[in-house]
Amino acid sequence: MSKFPEYKHDKSREYFNRAIQVIPSGIYGHLGPAEGLWVPVSKWPFFSEKAQGTYFWDVDGNKYIDFMCAYGPNVLGYNDPDVDAAALKQLKKGNCTTSPSKVMVECAENLVDTVASADWAFFAKNGSDTTTLAVMTARAHTHKKKMFFLKGYYHGDFQWAQKVDYPGILPEDVANNVVVPWFNLQALEDAYNACDGDVAGLIAQPYDHGNFKDNEVASKEYWQAVRKFCDEKGMVLIFDDVRTGFRLDLQGSDHYYGIKADLICFCKALANGYNMSALCGGAHMKSTVSGITYTGSYWMSAVPFAACIACINKMKKLDIPTLFREKGTKLTEGFKAAAAEHGFDLVVSGEPALFYLRIANDDSLMLHQEWIAECVSRGLFLASHHNHFINAAVTDEDIKKAVEIAEDAFSVVEKRHPELKG
């Protein structure tokens with residue numbers, strides 16, 4: 001008998017049936033069922049009603065411990081009182097105005113003071129906005145075409161960052177993308193030579209945290225070697241810190257690895273869910289980015305800037321990197337012990353603040369997806385394909401309950417698969 005009864009999702013299905021009539025795919029992108037990431041679909045909620053701290057509630061009233069954290073923006077806890085108070089105070093003054101608010105300047109100063117490699121900050125709304133501007137800046141700065149990517153990359157969904165066989169993508173959209181393997185310095189050298197030196201830069205996440213695969217962390221030695229390579233070749237080094245930003249190091253993930261990137265992209269953890277992103281960079285890149293035509297209708301909205309200042313200040317006060325390392329380690333060790341108790345080999349990879357899970361008993365990942373679905377349908381929201389996130393609102397009691405739900409889900413899956421005991 002399962003200790004945690006399965007949730008029902010009747011209202012979620014009702015809303016989805018309404019959504020499919022007026023919204024492409026009902027819920028588009030990786031948050032919806034059309035991507036094939038929610039297996040079986042019947043186990044998952046589609047729409048939320050409210051959120052608080054590390055929890056959200058779906059429209060059926062089911063409560064979830066959420067370790068996806070809105071895919072990263074929930075860094076302090078949903079509805080953090082300090083961030084929300086700062087945002088509301090600014091909202092009463094003004095938000096999207098003809099002339100930008102002075103809080104934009106204060107936010108930029110805060111980022112420059114916080115991020116080791118930052119001498120300036122340029123604001124936008126999405127991670128893709130900043131990675132796109134970073135690539136444009138690298139090409140404008142070097143007057144070269146090609147960009148290096150590391151295998152398994154994800155830098156947003158703008159055309160240049162997708163693959164040639166994706167719908168709507170033209171070969172010329174990605175003709176100057178060169179993909180090289182992670183952790184292979186000779187491959188970088190060979191690729192550069194094959195391009196006859198026509199390479200503007202390298203854009204990369206701080207470590208290999210791709211989907212559907214164990215994550216592989218980098219080392220200081222690796223990034224120092226890459227930094228040296230880029231310097232020697234006159235290439236711009238771009239850190240895509242959209243997902244990892246502030247979670248490894250409040251001064252930036254490049255600082256965590258002992259280097260300074262030329263450009264660094266932030267988004268998810270900047271403002272605890274308020275919509276903004278930022279490209280930061282060194283003084284040597286400032287005049288180049290100043291000359292680029294690039295803007296948006298809401299990119300200078302004041303409310304997110306106020307939220308960002310409050311969020312960064314609170315992350316510093318809480319020492320988020322240390323806190324996340326401790327909480328992530330405690331949680332994943334609990335998951336591994338629960339798995340072992342029922343005969344499962346749960347592999348944990350990546351950084352504790354952004355851990356990735358995989359049941360290694362089954363190479364097809366179907367067993368893993370089965371366990372994830374049982375966790376979700378009992379109130380522990382995990383993903384079957386993506387790294388997970390810790391937030392500052394997570395308590396030891398939350399971790400204890402999460403491990404209990406995970407153990408219950410393992411027991412359910414174990415009973416379905418007696419063949420695993422052989």
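Answer yes or no as to whether Asp190 is on the phi > 0 side of the Ramachandran plot and open to solvent by 70 Å² or more (accessible area, probe 1.4 Å). No. Taking the stated definitions as given, is Asp319 over 26 Å from Glu397 (Cβ atoms) and open to solvent by 50 Å² or more (accessible area, probe 1.4 Å)? Judged against the criteria, Asp319 is not a match. Being at negative phi, open to solvent by less than 20 Å² (accessible area, probe 1.4 Å), among the aromatic types (Phe, Trp, Tyr) and touching a residue at least 12 places away in the same chain (Cβ under 8 Å) is the requirement here; does Tyr257 meet it? Yes; evaluated as a whole, the condition is true for this residue.
In the set Lys421, Lys330, Lys415, Lys401, which member is in contact with a strand residue (DSSP E or B) (Cβ under 7 Å, 6 or more places away or on another chain), among the basic types (Lys, Arg) and surrounded by fewer than 21 Cβ atoms within 10 Å (Cβ to Cβ)? Steps first, answer last, please.
Working: Lys421 fails: in contact with a strand residue (DSSP E or B) (Cβ under 7 Å, 6 or more places away or on another chain); Lys330 fails: in contact with a strand residue (DSSP E or B) (Cβ under 7 Å, 6 or more places away or on another chain); Lys415 fails: in contact with a strand residue (DSSP E or B) (Cβ under 7 Å, 6 or more places away or on another chain).
The conditions single out Lys401.
Taking the conditions (1) under 30 Å from Ala134 (Cβ atoms); (2) in contact with a Ser or Thr (Cβ under 6 Å, 6 or more places away or on another chain); (3) open to solvent by 50 Å² or more (accessible area, probe 1.4 Å); (4) not charged (D, E, K, R) in turn, Tyr7 satisfies each one other than (1). Pro100 fulfils the conditions (1) assigned to a helix (DSSP H, G or I); (2) touching a helix residue (DSSP H, G or I) at 6+ places or on another chain (Cβ under 9 Å); (3) open to solvent by 30 Å² or more (accessible area, probe 1.4 Å) except for a single criterion, (1). Of the residues Ser117, Ser99, Ser128, the single one that is within 18 Å of Trp299 (Cβ to Cβ), within 23 Å of the chain's Cα centre (by Cα) and of a type in the set (Gly, Ala, Ser) is Ser128. Among the residues of region 47-70, which ones are of a type in the set (Phe, Trp, Tyr), open to solvent by 20 Å² or more (accessible area, probe 1.4 Å) and not in a strand (DSSP E or B)? Hit for region 47-70 is Phe47, nothing else.
Counting only residues that are surrounded by 18 or more Cβ atoms within 10 Å (Cβ to Cβ) and assigned to a helix (DSSP H, G or I), region 20-46 holds 1 of them. Consider Lys336 carefully, then state whether it is charged (D, E, K, R) and more than 30 Å from Leu202 (Cα to Cα). So Lys336 passes the test.
On inspection, Val348 fails the criterion of being assigned to a helix (DSSP H, G or I), more than 27 Å from Lys314 (Cβ to Cβ) and of a type outside the set (D, E, K, R).
Just one of Tyr356, Tyr274 is modelled with pLDDT of 95 or more, among the hydroxyl-bearing types (Ser, Thr, Tyr), over 26 Å from Ala218 (Cβ atoms) and surrounded by 16 or more Cβ atoms within 10 Å (Cβ to Cβ); which is it? Steps first, please.
Numbers: Tyr356 fails: over 26 Å from Ala218 (Cβ atoms).
That would be Tyr274, the only listed residue that is modelled with pLDDT of 95 or more, among the hydroxyl-bearing types (Ser, Thr, Tyr), over 26 Å from Ala218 (Cβ atoms) and surrounded by 16 or more Cβ atoms within 10 Å (Cβ to Cβ).
Does Ala134 qualify as being in a loop (DSSP other than H, G, I, E, B), within 30 Å of Thr293 (Cβ to Cβ), touching a residue at least 24 places away in the same chain (Cβ under 8 Å) and in contact with a Cys (Cβ under 6 Å, 6 or more places away or on another chain)? The answer is no for Ala134.
Going by the conditions given, is Asp362 at positive phi and either among the hydroxyl-bearing types (Ser, Thr, Tyr) or surrounded by fewer than 20 Cβ atoms within 10 Å (Cβ to Cβ) (or both)? Break it down stepwise before answering.
Details: at positive phi: no; either among the hydroxyl-bearing types (Ser, Thr, Tyr) or surrounded by fewer than 20 Cβ atoms within 10 Å (Cβ to Cβ) (or both): yes.
So Asp362 does not fit the description; no.
Within the set Val75, Val83, the sole residue that is under 23 Å from the mean Cα position of the chain (by Cα), more than 16 Å from Trp44 (Cβ to Cβ) and part of a helix (DSSP H, G or I) turns out to be Val83.
Taking each residue of region 26-54 that is more than 14 Å from Ser12 (Cβ to Cβ) and looking for partners that are in a strand (DSSP E or B) and acidic (Asp, Glu) with beta-carbon atoms closer than 8 Å, six or more apart or interchain, yields Ala51/Asp66; Thr54/Asp66.
The values are calculated or read from the model by the stated rules, or taken from the named source; none is laboratory data. Here the structure is a predicted model, which means the values were calculated and not measured. Heads up, the Cβs are rebuilt from the backbone with ideal geometry, glycines too, and the neighbour counts pull from every protein chain shown. Note: accessible area is taken over every heavy atom of the protein model, side chains too, but ligands, DNA and RNA are not part of it. Shrake-Rupley method; radii C 1.70, N 1.55, O 1.52, S 1.80 Å.
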